[in-house]
Amino acid sequence: MTESTTAELLKTALNATHRSMGAKMVPFGGWDMPVEYSGIIAEHLAVRTRAGLFDVSHMGRVDIEDGPQAGSALALLQSITCNDVAKLQLGQAHYNALLNARAGIVDDILIHKVSDRHYFLCINAARRAQDLAWITVNNQHGARITNRSDETSQIALQGPRALAILQPFTTTDLGAIRYYWYTSGEVMGVPARIARTGYTGEDGFELYIPVAESERMWNGLLNAGKGEDMLPAGLGCRNTLRLESAMLLYGHDMDETTTPLESNLGWITKLDKGEFLGREVLLEQKAKGVAQQLVGFRMIDRGIARDDAPIWKDGQRIGKVTSGSHVPFLKQNIGLARVPSANAKHGERIEIEIRGQMVAAEVVPTPFYKRVKN
């Protein structure tokens, strides 16, 4: 995004708190957000080995409910996404993608099933307006669409000690919540949706709470986490954590011009669920194969390949890096890249242009990091 003044940027309810804590603030997706507090490496390692606390209230939160016609909420979501929303059970969440008619990805989202008549969406911060407009224009079923973003906050407690830190604040049995499931309960006496989800590759929880309770919740969790060496964490380490776990970033690893099958998202593409936007394009791609794929790579030579760095093979430019960084836990220089399918096999040697120099890399399996589950 282009640089903007702080006055033009949107702010979460915790903005003043972040500034009082000395966080380094940056523009992100139209928001004034903390990129780091004590340093990206320290915060990354805290999440991998202990716990980190994130303000992710810039994300969008939307309710989709039945209108006059029963089943209209499900019908709407089924028609504009590629994953099978009908398979969700009560209290379950899944990863999904909003598609356009060309099967391009409008956004990647989480859908939570509240009831047979009610679904709750978590959408990307920079795509709030576009997503709402797209859902609305395709609402041929009369479903009720309610934007809850401004009345709620979203706090993510992530890391292997997250459960131990959060449990004293709620009577809900957190251990009974499975990964990618959620429940409604209270935290610190505050009504909350407690979801065992996250964007770090670690265990943890995302709390959806009334905006007025944001500061009390943040400070209470931060104080409780001191005994577990938890750190407040910013968007910098959130990016390196998600990359280490090969979680995609919208606008980099996928966008409205790329399909799920071209973005290593075949696992959420359910072509047998019935008609939905872009299905015919995906059926053709499935039958013929895709021309390009999203792959993981690891640097062989010294160098960090950053986003948009050109990729070469045998003197020909064949693609580009979509996400690239050094990752602190694995201590490797890695990334994701879009390349022709002919160059997508594991072990394929490629060259990445870094500041005018060709640096060797190889295509490797993803995720780069996968946590050991208890």
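No value in this document is a laboratory result; all are computed from the given coordinates. Predicted model only: the values in this text are computed from it and were never measured. All Cβ positions, even for glycine, are placed from backbone atoms using ideal geometry, and neighbour counts span all protein chains on display.
Numbers below:
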| read-out | value |
| --- | --- |
| Efficiency of FRET from Cβ geometry, SER20 and LYS286, R₀ 56 Å, rounded to 0.05 | 0.60 |
| Three-way shape label, segment 291-374, alpha-carbon gyration tensor, a/c 1.5 | oblate |
| Coarse-grained scattering of segment 14-160 at q = 0.14 Å⁻¹, given as base-10 log I(q)/I(0) from a Debye sum over alpha-carbon atoms | -0.75 |
| At least 18 Å along the helix axis (C-alpha) and Kyte average at least 0.0, DSSP helices within the chain | none |
| Cα extents of the chain along the three principal axes, largest first (Å) | 62, 50, 45 |
| Contour excess over end-to-end distance, with Cα ends at LYS373 and ASP314 and 0.36 nm allotted per residue | 17.1 nm |
| For the chain, calculated [θ]222 nm from helices alone, where every DSSP H run of n ≥ 4 adds -39500 (n - 2.57) | -5500 deg cm²/dmol |
| Computed label-point distance, nm, for sites ARG216 and ALA86 using a 7 Å Cα→Cβ extension | 4.4 nm |
| Label-point separation in nm, TYR95 to GLU8, each point 7 Å along Cα→Cβ | 3.3 nm |
| GNM top mover of VAL359, VAL137, VAL47 - the chain, alpha-carbon springs below 10 Å | VAL137 |
| Segment 113-206: relative contact order in percent, alpha carbon pairs under 8 Å with at least 6 residues between | 22 percent |
| Relative packing of 302-310, 76-84, 92-100, which averages over residues the other C-beta atoms within 10 Å, highest first | 76-84, 92-100, 302-310 |
| Candidate lysines - alpha carbon under 20 Å from LYS87, same-chain residues fewer than 8 apart omitted | LYS113, LYS270, LYS273 |
| Virtual spin-label span in nm between TYR179 and LYS273, 7 Å along Cα→Cβ | 2.1 nm |
| Taking segment 291-374 and dividing mean pair separation by its residue count, relative contact order in percent (alpha carbons under 8 Å, at least six apart) | 37 percent |
